[in-house]
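Read through the structure below, which is laid out as structure tokens, and then see the notes.
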Amino acid sequence: MARYTGPKSKIARKFKEAIFGPDKALQRKNYGPGQHGPGKRAPKKSEYAVQLMEKQKAKYTYGVLERQFRKTFDKANRKKGTTGENLLKFLEARLDNTVYRLGIAPTRDGGRQLVSHRHITVNGEVVNIPSYELRPGDVVAVREKSKSLETITNSLSGKQGSKFSWLEWDKEKMEGRFLALPERDQIPENIKEQLIVELYSK
């Protein structure tokens, strides 16, 4: 499946947020790409453009392409509760995202790569599907022969417990437990999910 491999700083500047992590280019140029300096006035965006941009931000943040994003939205729409919140909960339950949240990888891209390269297990079994949906109680661990991998050891250096309440981390075993789907106020991403719901409802 194709993934965005272009300049990430350009995307971060487009949304004026470090959605891929700390970005020096964004700090230097905190205005949209293609503009000749911060003084140039950007044209007012339509309601549709604002909604579309929010969807794009969510897709870039979680590294999901349109078809899979739409499937996740449809699933969220069928589930009881608030559709927008359900959408973010399902995105957070992805295996690649959880590998990143646990600190096994420094970025979601890194988490996706570790999963694809068979370095991660779920409940003792190797899983190489980044979009694999975790369920409460699932144990995500570093494969035994991958525990000395430099990328993983560097990322976990100095890590103690999990800083996310829906995850539990065991430093000695190098494994984490997915305790529950997170509530919206526990998810730190700056995404206005209601705009995405409005876009798909048109």
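The values are calculated or read from the model by the stated rules, or taken from the named source; none is laboratory data. Just so you know, these numbers come straight off a predicted model, no measurement behind them. So basically every Cβ, Gly included, is an ideal-geometry build from the backbone, and we count neighbours across all protein chains shown.
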Which one is nearest to ARG184 (Cα to Cα), of the residues in the stretch 154-170 that are exposed (fewer than 14 other Cβ atoms within 10 Å of the Cβ) and among the hydroxyl-bearing types (Ser, Thr, Tyr)?
SER165
Flagged in the stretch 128-142 as surrounded by 17 or more Cβ atoms within 10 Å (Cβ to Cβ) and part of a loop (DSSP other than H, G, I, E, B), in numbering order, are PRO130, SER131, TYR132, LEU134, ASP138
Has the stretch 92-99 got any residue that is closer than 19 Å to GLU189 by Cα, hydroxyl-bearing (Ser, Thr, Tyr) and either in a loop (DSSP other than H, G, I, E, B) or modelled with pLDDT of 95 or more (or both)?
yes
With β-branched (Val, Ile, Thr) and touching a His at 6+ places or on another chain (Cβ under 9 Å) as the only criterion, which of ILE129, ILE187, ILE152 stands out?
ILE152
From the options GLY34, GLY84, GLY63, GLY39, residue that is surrounded by 13 or more Cβ atoms within 10 Å (Cβ to Cβ) and at pLDDT below 95:
GLY63
Check GLU125 against each of (1) over 20 Å from GLY63 (Cβ atoms); (2) among the charged types (D, E, K, R); (3) under 18 Å from the mean Cα position of the chain (by Cα) and name the one condition it does not meet.
(3)
